[in-house]
Amino acid sequence: MNRVKTGILGATGSVGQAFVWVLREHPLFSVEYIGASDSREGKMYSEEVHWLMPCSMPGYIKDLKLSSLSIEAIKNSGCKILFSALPSDLAAKLEPELRKEGFYIFSNAGAMRREENVPILIPETNAESLQSIENQGFPGKGFVVTNANCSTTGLALALAPLRSFGIEEITVSTYQSISGAGYPGMSAMDIQGNLIPHISGEEEKMVYETCKILGIDPVILVSCVRVPVKFGHLETVWLKFTDTPSLADVKEAWKNFKADFVSHSTPKKPVIYIEDETQPQPAISFEGNPGGMTVYTGRLRKENGKIGFVLLVNNIIRGAAGGSVQNAELFIEKYGGSL
Ligand SMILES: NC(=O)c1ccc[n+]([C@@H]2O[C@H](COP(=O)([O-])OP(=O)(O)OC[C@H]3O[C@@H](n4cnc5c(N)ncnc54)[C@H](OP(=O)(O)O)[C@@H]3O)[C@@H](O)[C@H]2O)c1
């Protein structure tokens, strides 16, 4: 099968690099366009980018030249599908313009997540929400599909199989890695040997997005903290249920949880419980197959009628680029004939 031509908007940043890695040897998608700041136009990717991923830069991208983000340049690339790793303020301006021009945008930015007909899609939890692209005018027109904020993605995946027990209250604290703040991100002077107990807008996003994705409306109490770790967000979670499950029920629900479609980026087991009490640790966030797409849970316990556990999500793969690519795979599965 001929691969579908795609482009990456913001290809030089943390998430842009994760896209470059996730799309290496992809069976459905090829990368034909990579966009970043005007000053990089015409320069080779390998010469311009400070590579941050914990694996080598894929050969296919090294000689590809960076373009500006002008609509003209994007149109000339011949790509219909665009993966967006743009800062939110730029995405708020450019993504609606590109949608108007008929592009299919799979975005990591928070800018359009609150628009009614723009889904926040995680294929294992709310695949049906992809249909709302039809309310944006597809197939005649373009659309935007977003994936959730990185911390929300991990939480939503761990909670999705527990929805049937009636989730009444969620208390969650996050320990978020510095790659989540982009590159160059925060100064080492601020974060080394330190913790920052505030991440702008993050707590509000987790409340809104968890409800929109899971279709539930519990009380949600969130605290987000930036920690001096490179990759992987850890979260501690306490849940109050209407019908409190046993610990065995929770483990069984995670074990049986799976997507009802098969794709290159979809793990066979989206949530894996680790019995070792010292896990999950951020150091394992790239493990699993496909790499970085598994959410790990651990330290399950019951106290005062509440269920507590720890989870780990790879913020730049499952919580960003890998999630977007998986969303595009679901789109091809459901609407591929329209391309
Ligand atoms: N990092 C994460 O874990 C994570 C997780 C989920 C979602 N997100 C979201 O994903 C998006 C990207 O995040 P990131 O962490 O990858 O950010 P980043 O490292 O700061 O990268 C931003 C990218 O956008 C480009 N860009 C910025 N301003 C531009 C301009 N005026 N014109 C053209 N290109 C411009 C940059 O190009 P230059 O290099 O040329 O400046 C770079 O490629 C954000 O909306 C973020 O909230 C991030």
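The values are calculated or read from the model by the stated rules, or taken from the named source; none is laboratory data. All of these numbers come straight from a predicted model, not from anything done at the bench. Don't worry about glycine lacking a Cβ; one is built from the backbone with ideal geometry, like all the others, and counts go over all protein chains shown.
Listed values, structure above:
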quantity	calculated
Condition broken by Lys100, with the remaining ones in (1) touching a residue at least 24 places away in the same chain (Cβ under 8 Å); (2) crowded, with 16+ Cβ neighbours inside 10 Å satisfied	(2)
The range 20-44 residues that are crowded, with 20+ Cβ neighbours inside 10 Å, paired with ones that are of a type in the set (Asp, Glu) (beta carbon under 8 Å, 6 or more apart)	Leu28/Glu329; Ala36/Glu48; Arg40/Glu48
Residues of the range 53-74 satisfying the condition of being touching a residue at least 12 places away in the same chain (Cβ under 8 Å), closer than 12 Å to Gly35 by Cα and not β-branched (Val, Ile, Thr)	Leu64, Lys65, Leu66, Ser67, Ser68, Leu69, Ala73
Output for the range 115-133, where each listed residue is surrounded by fewer than 17 Cβ atoms within 10 Å (Cβ to Cβ) and closer than 23 Å to Gly102 by Cβ	Glu115, Glu116, Asn117, Gln131
Flag if Thr152 is within 16 Å of the ligand (Cβ to nearest atom), buried (at least 16 other Cβ atoms within 10 Å of the Cβ) and either among the hydroxyl-bearing types (Ser, Thr, Tyr) or touching a residue at least 12 places away in the same chain (Cβ under 8 Å) (or both)	yes
Matching option when the condition is modelled with pLDDT of 95 or more, assigned to a helix (DSSP H, G or I) and among the β-branched types (Val, Ile, Thr), among Thr174, Thr152	Thr152
Count of the range 35-47 residues which are of a type in the set (Phe, Trp, Tyr) and within 10 Å of the ligand (Cβ to nearest atom)	0
Residue check, Thr210 touching a helix residue (DSSP H, G or I) at 6+ places or on another chain (Cβ under 8 Å), touching a residue at least 24 places away in the same chain (Cβ under 8 Å) and outside the structural domain of Ala328 (by TED's automatic domain parsing)	yes
Set Ser77, Ser107, Ser84: member being of a type in the set (Ser, Thr, Tyr), surrounded by fewer than 22 Cβ atoms within 10 Å (Cβ to Cβ) and touching a residue at least 12 places away in the same chain (Cβ under 8 Å)	Ser77
Residue among Gly142, Gly201, Gly185 that is small (Gly, Ala, Ser), at pLDDT 95 or above and at positive phi	Gly201
Selected residue (only one of Ile196, Ile167, Ile178 is within 16 Å of the ligand (Cβ to nearest atom), of a type outside the set (D, E, K, R) and surrounded by 19 or more Cβ atoms within 10 Å (Cβ to Cβ))	Ile178
Among (1) under 29 Å from Ala253 (Cβ atoms); (2) within 16 Å of the ligand (Cβ to nearest atom); (3) touching a residue at least 60 places away in the same chain (Cβ under 8 Å), the one test that Pro123 misses	(2)
Flag for Ala111 being in a helix (DSSP H, G or I) and within 23 Å of Ser88 (Cβ to Cβ)	no
Glu32 being under 21 Å from Thr266 (Cα atoms), more than 13 Å from the ligand (Cβ to nearest atom) and either small (Gly, Ala, Ser) or in the same structural domain as Leu330 (by TED's automatic domain parsing) (or both)	no
Inter-residue pairs, beta-carbon under 6 Å, first at positive phi and in the range 215-240, second assigned to a loop (DSSP other than H, G, I, E, B) and within 16 Å of the ligand (Cβ to nearest atom), 6+ apart	Gly232/Ser177; Gly232/Ser285; Gly232/Asn314
